[in-house]
Every structure is written in structure tokens, then in C-alpha cells.
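The values are calculated or read from the model by the stated rules, or taken from the named source; none is laboratory data. Remember, it's a predicted structure, so these values are computed and weren't measured experimentally. Glycine gets a Cβ as well: all are built from the backbone with ideal geometry, and neighbour counts include every protein chain shown.
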Amino acid sequence: MNKTLKRLSLYIHIPFCVRKCLYCDFLSFNADNDLIDEYFKALGKEIVLNAGEYADYEVDSIFFGGGTPSFPDAKYICDTLSLIFESFHVSDKAEISLEVNPASAIFGKLNSYRRAGFNRISIGAQTLNDEELMKLGRVHNASMFYDTYENAKRAGFDNINIDLMSAIPGQSLESYLDTVKKVLSLRPEHISAYSLIVEEGTPFYDMELDVPSEDVDRKMYHETKSILAANGYHRYEISNYALSEDKECHHNKVYWTRGNYLGLGLGASSMVENVRWKNVSDIKKYIEIFAAKEDKDRNNVDKADVFVDNFKKYREDVEKLPIKSQMEEFMFLGLRLVRGVSLEEFKNNFSCDIHEVYAETIDKYKNMGLLKEYTIDGHTNLCLTDEGIDVSNTIMADFLFD
Ligand code: SF4
């Protein structure tokens, strides 16, 4: 492996879903076959155009998210992955994940994904209680989830994440724990457990919801942590658990540690060398920009010069992050990790001591028992304590400068 190559992760956005869940504020919608076809053609062109720009990077992780990547025909997804392999330097050891919905992840598709090179599957189960799934407006039921899990194993996936959700309307502590125990009986390699957040602009926002109280939600969180720990899962981030260190999600750790990531596809966000931007989120515009020149050979970067002007238009809100913003992100993303932030890395990145910048905030929360410093292998880290995790949003907000 060429040691001079820089590290990069790729996120590929697949914005299509069967229908919108009631709590969803992701960039996703239903689409007919023609629109899906046009989208993947445009995405292919975006991939090829970017490949030239990132020729001196090696890709360590690829994540197909959405939307529902398992909704379109598997051929689109597998062809897109092959194009990435042809266009970028992808490490032999790259983690290559795909989010799937139990309603659309049939065995044939899962088998194709595995054969194409995906080595990690993330199943959006949310809950195994059919009534709760209906309240969320999900298109699957518990039995579809079990089939998907079984089929993913049969297709050869040995790195499976299951997404769980707490604080669902009508959910009791008992029904939540019942889901956790059922999921545990499958022994997936990874579990993500998030609380429902009711976002403005979603149908849930305008509905009277019978959501569990904050106290019950906290109990759900604490019980999850202890049941999972008792069953051999270690928590490595506020909401993420893995059976072993090598099954922690590398891709998400790149986000939390501010590594380079390039987002491809509609509305995808990127941050490379501290420059941040977001792709255009209007699908018609996106397709127009990339698919206008149907006759161009998608593998020939030289022929892509006609896109150069358009290329600039599809990246919005491009911003070189000022040092203060970089420090803020370093803190509030890094503190999500159980290991916390490294004081040495802070110094290496910003050429100053973390205590010079954040003395007041660090001392305040250390005195309250919400933050702690610890030394491991001669390196000192700062992390949230268990009590600190309960009020993590307040603490992280205190690391912002304004
Ligand atoms: S499946 Fe996911 S992306 Fe699609 S509508 Fe539901 S929550 Fe949103």
C-alpha cells in the first residue's frame, strides 16, 4: 500500500423510499423508475468527476445511506459500487456498508450486495413491536425484519448493525426492553440505539404524541447500556455498541474524529481538509447538472470538461472552517466517543493546550463530576462521565464559543 496516500471516506446518498415515515426529516421521497434511472446516471458522473480530484487519497470506508438504498433495483447499487472501485483507490480492508429496510431487502438483493463487495449491512429495525412500527409509519413489520436478518446471514454478511429506536409514541419501558432482548438473541455484531427526536417539518411535529416521559427515556438508555454490557457489547459512542473493537463502525468514527469524508449524491455533505460543503438537494437540478450530457463516456475524465462549470454549481455553502469552528467540532464530536478527546491530538491540531482554550468549561464540568481526564498508555484523554452522558447536549453546547 502506498503510504503517502491520504485517508478518505465516501458517503453515497440514495434518496428513495417506498413512502415517508411520519418522523422522517431525511432527504428522501418516492420516485418512479425513470427518475431512479436518471439519478443513478447522474451519480455515476459525479463519482467519475470526483475521482480525479481525489487521486491522492485512499478510501477506507464507503457508506450507502438514505433514504432506502435497498429500495431501487440492486443492480443500480452494485454498479455504483463497481464504478467507485474503478474510479477511486479503495483499500482492500475498506469497510463497505449499506443501509437496508426490511421491507425491501430480499435475499436476492442481499446476495447481490455481498457479491458486489459490501461487507457490512445496517438494518433499520427500530422496534420489533408491530404496533410501534405502525405508529412510526414504517413500511415493514417484525417478521420482515427477522427474514432480512436471516437472509443477510445466509448471503454471507458477518458484520450486521441493527438500528433501534426508543421513546416511540405509545412505547413502554417493557415493550422497548422486549425488543432489545429479541435483538440480543440474534447476536448482531453492532447495535445503534437512538431516541426518537421529533423534528420540525415532520408529520409527527403537528401531532399529539403519547411519547414516553424524559425519565422513562433515560431509563431506556441506562437499561440498554447495562443489558448490552452484560451480553458482551461495549459502548464506544453515546448511542453505539459493538461486540468487538473491529466491529465498531469505522465510517461513523471518521465523522466523530473529523476525518476526511466526501459525500456523493443528492444533498450529501462533505468535509475534506477542513473545507465543508453540501451538494444541491433539488433532484431535478442535480440530474440536470450531471446528466445533461448523456453521450459522455462516464469512464473518461477528459471528456468531462463540459461539466466543469456545472460542477461548481452543485456544491453549496462551501466554507473553509475557521480554527474556532474546528476546535468546537473537535470537542462536541469527540466527546460523543466513550474514549473522549485526546489532549495530545488537540495540541497537534491547533498548536495550543486544550486548557488554555477551554479551562473554564473543563474545570466547571470536572468539578461537577460530568467530565473526567484519564491517562492510557501515557496519553491523556478528556471524556464524559456516565452522569455527563445524561446531560451531554448541555455540556457539548458549552464548548461552542458564541
Ligand atoms: S425509511 Fe428512513 S429515510 Fe425513508 S422515510 Fe423512513 S426514516 Fe426516512
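Here are the numbers for the structure shown:
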{"read-out": "Pairs, first more than 8 Å from the ligand (Cβ to nearest atom) in segment 20-35, second of a type in the set (D, E, K, R) and in a helix (DSSP H, G or I), C-beta under 8 Å, six or more apart", "value": "L22/K135"}
{"read-out": "Condition met for Y57 (aromatic (F, W, Y) and closer than 30 Å to M134 by Cα)", "value": "no"}
{"read-out": "Selection within segment 345-402 - out of contact with any Gly (no Cβ under 9 Å at 6 or more places or on another chain), of a type in the set (V, I, T) and assigned to a helix (DSSP H, G or I)", "value": "I354, V357, T361, I362, I389, T394"}
{"read-out": "Some residue of segment 40-58 being within 16 Å of the ligand (Cβ to nearest atom) and buried (at least 19 other Cβ atoms within 10 Å of the Cβ)", "value": "no"}
{"read-out": "D158 being within 16 Å of the ligand (Cβ to nearest atom) and either under 22 Å from the mean Cα position of the chain (by Cα) or closer than 23 Å to E95 by Cβ (or both)", "value": "no"}
{"read-out": "Residue match in segment 70-77 (condition: assigned by TED's automatic domain parsing to the domain that holds P15, of a type in the set (A, V, I, L, M, F, W, C) and within 16 Å of the ligand (Cβ to nearest atom))", "value": "yes"}
{"read-out": "Test result for E132, closer than 30 Å to D210 by Cα, surrounded by fewer than 23 Cβ atoms within 10 Å (Cβ to Cβ) and within 19 Å of the chain's Cα centre (by Cα)", "value": "no"}
{"read-out": "Qualifying residue in segment 106-115 (condition: crowded, with 19+ Cβ neighbours inside 10 Å and of a type in the set (A, V, I, L, M))", "value": "yes"}
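So that you can scan it fast, the table gives a plain yes or no per residue for (1) buried (at least 18 other Cβ atoms within 10 Å of the Cβ); (2) closer than 17 Å to S122 by Cα; (3) at pLDDT below 95; (4) in the same structural domain as D217 (by TED's automatic domain parsing):
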{"residue": "T148", "(1), (2), (3), (4)": "yes, yes, no, yes"}
{"residue": "N159", "(1), (2), (3), (4)": "yes, yes, no, yes"}
{"residue": "I162", "(1), (2), (3), (4)": "yes, yes, no, yes"}
{"residue": "S166", "(1), (2), (3), (4)": "yes, no, no, yes"}
{"residue": "L173", "(1), (2), (3), (4)": "no, no, no, yes"}
{"residue": "Y176", "(1), (2), (3), (4)": "yes, no, no, yes"}
{"residue": "Y194", "(1), (2), (3), (4)": "no, yes, no, yes"}
